[in-house]
1. Can you tell me the relative contact order of the chain? Whole percent, Cα pairs under 8 Å, sequence separation 6 or more.
2. Tell me the mean residue ellipticity at 222 nm calculated for the chain from its helices only (DSSP H runs of n ≥ 4, each -39500 (n - 2.57), averaged over every residue, nearest 500).
3. Say each of ILE38 and ARG100 gets a label point 7 Å from the Cα, pointing the same way as Cα to Cβ; how far apart are those two points in nm?
4. Shape call for region 104-143 from the C-alpha gyration tensor, a ≥ b ≥ c root eigenvalues: rounded (a/c under 1.5), prolate (a/b greater than b/c) or oblate?
5. If you keep only loop residues by DSSP, which GluC sites (Glu not before Pro) in region 39-141 have at most 13 other Cβ atoms within 10 Å of their Cβ?
6. To the nearest Å, what is the center-to-center distance of region 85-102 and region 123-147, using C-alpha atoms only?
7. Of the options VAL154, THR135, VAL123, report the single residue whose Cα projects farthest towards the positive end of the charge dipole of the chain (beta-carbon charges: Lys, Arg +1; Asp, Glu -1).
8. Rounded to the nearest 5, what % of DSSP beta bridges with both residues in the chain are antiparallel?
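No lab work stands behind these numbers, since they all come straight from the coordinates. All values reported here derive from a predicted model rather than from experimental measurement. Note that each Cβ is placed from the backbone with ideal geometry, even for glycine, and that neighbours are counted across all protein chains shown.
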Amino acid sequence: MKIYIMRHGEAASGTPDAHRPLDLTGQQEVARIADWFISTLGEDRHQLKVVASPYDRAQQSARIIGQALHVDDIMTLPIMTPDAPPETLIDWLTHNIDPREDDAPWLFVSHMPLVAELVGQLVDGSPNARLPMGTADVVELEAEVWAAGSATLVRHVTPATAAID
């Protein structure tokens, strides 16, 4: 089973942090990633399940992807904020996604440092493992079960490489 973990696109500065929107560059980055998803997922793109942090920039990134792929339902998951512990999301994955019964791809849109720590722990298993991710980067993971150290890193796509991947 595959999941995709994405960092939101570049956001405008300001406060409060939870309400910062994507800036123009961020919107363009996410649009490039949306095009990549269309070409990568093919007909499966309509099955994509999109989950996003409650923060505005992640919601906006998820909506851009959802609109491009004709996915209307975006789930908001409050445990996906920037400083949330990755173990909480790993526990959510373990209890909510059964790879034996659910073969639809999932996309999780969140923030640094959560995305870096989440990918690191899913792939490496160590609580100190991290995979730095730039804005609008996407990591594709595969696993038979979702637990620390159980995933395989399939690819890491950036907005710059999305067009050539």
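1. It rounds to 31 percent for the chain.
2. -11000 deg cm²/dmol
3. Going by the 7 Å Cα→Cβ label model, 3.8 nm.
4. oblate
5. GLU101
6. Cα centroid of region 85-102 versus Cα centroid of region 123-147: 13 Å apart.
7. My answer, from the dipole projection, is THR135.
8. So the antiparallel bridges in the chain amount to around 50 percent.
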